[in-house]
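The values are calculated or read from the model by the stated rules, or taken from the named source; none is laboratory data. Everything numeric here is computed off the predicted structure, so don't read it as measured data. The protein model used for the area step is the full one, side chains on, heavy atoms only, and it has no ligands, DNA or RNA in it. Shrake-Rupley method; radii C 1.70, N 1.55, O 1.52, S 1.80 Å.
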Amino acid sequence: MPQINPPTNPVRLFRLAETVARKMAEDYEGLRDEEAKLRTAIAWAKYTRTAHLKIADRAETCAKARIFVEPARRRRIRAAQHLRLRLTAVIARKLGLIKDERLLKVADLALSLVP
């Protein structure tokens with residue numbers, strides 16, 4: 001079974017995810033639920049990245065903001081991991097690597113439990 005490894009660079013990851021979501025909307029009518037979940041994961045990852053960068057920038061001048069840097073960093077990492085997992089699942093589904101519906105439900109459950 002081929003390995004699917006999404007990029008680790010956030011900008012490349014966002015571009016790839018948005019391209020996959022756009023192609024899914026154009027080509028695959030049966031994957032609307034997966035497209036919506038992918039777009040949600042993209043939005044969450046972008047938001048947490050922006051929030052972390054803003055908080056880290058503010059922490060340079062404000063001592064009170066420093067306590068929020070680490071939680072924001074953890075949320076950014078978690079959102080990026082979730083986006084990578086969601087993108088991997090969508091690509092695998094699109095390529096037909098996962099055809100069993102029960103396996104897809106287990107994969108969705110696993111994605112929802114990622115810390």
Rounded to whole Hz, the Karplus (6.51, -1.76, 1.60) HN-Hα couplings of segment 65-70, x for glycine and proline: 6, 5, 6, 8, 5, 5
Solvent-accessible area of I77 with every protein chain in place, 1.4 Å probe, in Å² to the nearest 10: 60 Å²
Derived scalar couplings ³J(HN,Hα) [segment 79-90; Karplus, 6.51 cos²θ - 1.76 cosθ + 1.60; whole Hz; x for Gly, Pro]: 5, 5, 5, 4, 5, 4, 5, 5, 5, 4, 5, 5
Table column - 3J(HN,Hα) (Hz), segment 38-50, Karplus curve with 6.51, -1.76, 1.60, x for Gly and Pro: 5, 5, 5, 5, 4, 4, 5, 5, 5, 4, 5, 5, 4
